[in-house]
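Please read the structure below before turning to the comments.
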Amino acid sequence: MKIVTGKVRLSYPNLFEPFAWGDEKPKYSLMILINKDDQETVGKLRQAEADAVTQAIPSKWAGKKPHKIDSVIMDGDQADLEKYPERRNHYYLTARSTTRPSVIDQNMQPILNPSEVYAGCYVRVSLTSFAYVYAGKHGVSFALNNLQKMTEGEPFGATSSPEDDFTPLNNTQKTDLI
């Protein structure tokens, strides 16, 4: 089932170049953070999971619903909030694709500069749910289709600028560090 999220926060974007997780084939991917108050998006995701399960029972799962079905929708409040404070009061999920997603702006124009779509900005994402069987586990995941940037946001893991770290050297200061 294909869905389009409401306003979610982007994290770990690999939208312009594929990225390999471990020994996997490189894929385009992202993580999204869904505010728990956004019941519309949470409801769409849960319904897409349920639909994928229903479709998988006769075809992928030999006519029987498995006792345990893994979900990629994780509760951010159960994450290490010291390490990932942005996950507080959010659900999060990772979606991947072997095909490069289209990345557009508010006016439906392609975004070509990867630095414009960063961890911390707000986006809408098109996803497709699917059921799987992998290494004896049954579950539902989401494939990444496309992304639309909505608004700017505070970048995650923002670093300082050179101007914050240094002052100009004048000619009387020693510049030879040897």
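The values are calculated or read from the model by the stated rules, or taken from the named source; none is laboratory data. The shown structure was predicted, so the numbers you read here are calculated from the model rather than taken from an experiment. Heads up, the Cβs are rebuilt from the backbone with ideal geometry, glycines too, and the neighbour counts pull from every protein chain shown.
Structural remarks
- Selected residue [in contact with a Gly (Cβ under 9 Å, 6 or more places away or on another chain), of a type outside the set (A, V, I, L, M, F, W, C) and modelled with pLDDT under 95] from 157, 153: 157
- Single residue of 58, 18 found to be free of Cβ contacts under 8 Å to residues at least 40 places away in the same chain and either out of contact with any Leu (no Cβ under 7 Å at 6 or more places or on another chain) or assigned to a loop (DSSP other than H, G, I, E, B) (or both): 58
- Residue within segment 35-54 that is closer than 22 Å to residue 111 by Cα and not in a strand (DSSP E or B) present: no
- Restricting attention to segment 63-108, the residues being of a type outside the set (Lys, Arg), without any contact (Cβ under 8 Å) to a residue 40 or more places away in the chain and touching an Asp or Glu at 6+ places or on another chain (Cβ under 9 Å) number 1.
- Looking only at residues in segment 1-51 that are modelled with pLDDT under 95 and small (Gly, Ala, Ser), the one that is farthest from the chain's Cα centre (by Cα) is 22.
- Members of segment 131-154 that are surrounded by 13 or more Cβ atoms within 10 Å (Cβ to Cβ), under 21 Å from residue 13 (Cβ atoms) and not charged (D, E, K, R): 141, 142, 143, 144, 145, 146, 147, 148, 150, 153
- The set of residues from segment 20-75 being loosely packed, with under 12 Cβ neighbours inside 10 Å, basic (Lys, Arg) and either within 22 Å of residue 8 (Cα to Cα) or touching a helix residue (DSSP H, G or I) at 6+ places or on another chain (Cβ under 9 Å) (or both) comprises 64, 65.
- Odd one out for residue 78, checked against (1) over 25 Å from residue 147 (Cβ atoms); (2) buried (at least 17 other Cβ atoms within 10 Å of the Cβ): (2)
- Exactly one residue out of 3, 34 is hydrophobic (A, V, I, L, M, F, W, C) and over 17 Å from residue 97 (Cα atoms), and it is 34.
- Filter result for residue 95 (surrounded by 17 or more Cβ atoms within 10 Å (Cβ to Cβ) and within 21 Å of residue 42 (Cα to Cα)): yes
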